[in-house]
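> So that we are looking at the same thing, I have put the structure below in structure tokens.
The values are calculated or read from the model by the stated rules, or taken from the named source; none is laboratory data. Small disclaimer: the values here were computed from a predicted structure and weren't measured. Cβ placement follows ideal geometry from the backbone for every residue including glycine, while neighbour counts extend to all protein chains displayed. SASA here: full protein model, heavy atoms, side chains in, ligands and nucleic acids out. Shrake-Rupley method; radii C 1.70, N 1.55, O 1.52, S 1.80 Å.
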Amino acid sequence: MIIDVRSRKIIEQNQYDANIISITSNSTNANITNFGPTLFLRFEDFDEYPGWSVQLIQKSDVKKIIDFVMANKDNGKHFIIQCDAGVSRSAGVAAALMKYFNGDDTPIFNNPQYCPNMRCYRMVLRALMEGDNE
């Protein structure tokens, strides 16, 4: 399975024939038109609870990610995981998907361009491994 990471700026400036998982932290979704199937999610970029009220990735977000991937993984398109900067949340989700489907998350963890959100990585990978996406 081909899995790529992009920033909001890059995804809004280009057009891709891919399945898109778009993650944002504000109330405005990325301006994505004429793409393949798209899942829009909204949660903040923190690995752990920082001590104030923010929306971290939740089990419900993980379920949406897994359901989306499973529903679209056989349609011949690759997946692009996009967040605001294309560095942390998207990299964490992408690394988990790479590890589960391809057996290798090193394209993310060995690339200094990325700093994967470990909460995203752990939650998505754990749900995939345990089949906990109900």
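> Which whole-Hz ³J(HN,Hα) couplings does the range 78-94 yield from phi under the Karplus relation 6.51 cos²θ - 1.76 cosθ + 1.60, θ = phi - 60°, glycine and proline marked x?
Values, residue by residue: 8, 10, 10, 9, 10, 9, 3, 9, x, 10, 10, 4, 5, 5, x, 5, 4 Hz.
> Evaluate 2.2 N^0.38 Å with N set to the residue count of the chain, then give the Cα radius of gyration divided by it.
Values: Rg = 13.6 Å, N = 134, 2.2 N^0.38 = 14.1 Å.
My calculation over the Cα atoms of the chain gives 0.96.
> Applying a 10 Å radius around every beta-carbon, put 100-112, 9-21 in order of their mean neighbour count, most first. All intermediate terms of the calculation are to be shown ahead of the outcome.
Numbers: 100-112: 13.8, 9-21: 16.6.
In decreasing order of mean packing, 100-112, 9-21 become 9-21, 100-112.
> Can you work out the accessible area per residue across the chain, with the rest of the protein chains kept in place, probe 1.4 Å, in square angstrom? Intermediate values should be presented prior to the final figure.
Details: 6920 Å² over 134 residues.
I get 52 Å² per residue for this part.
> Round to a whole number: what % of the accessible area of the chain belongs to carbon and sulfur, probe 1.4 Å?
45
> What nm value, rounded to one decimal, do you get for the distance between Met1 and Thr28 when each label is placed 7 Å out toward the C-beta?
It works out to 3.1 nm between the two label points.
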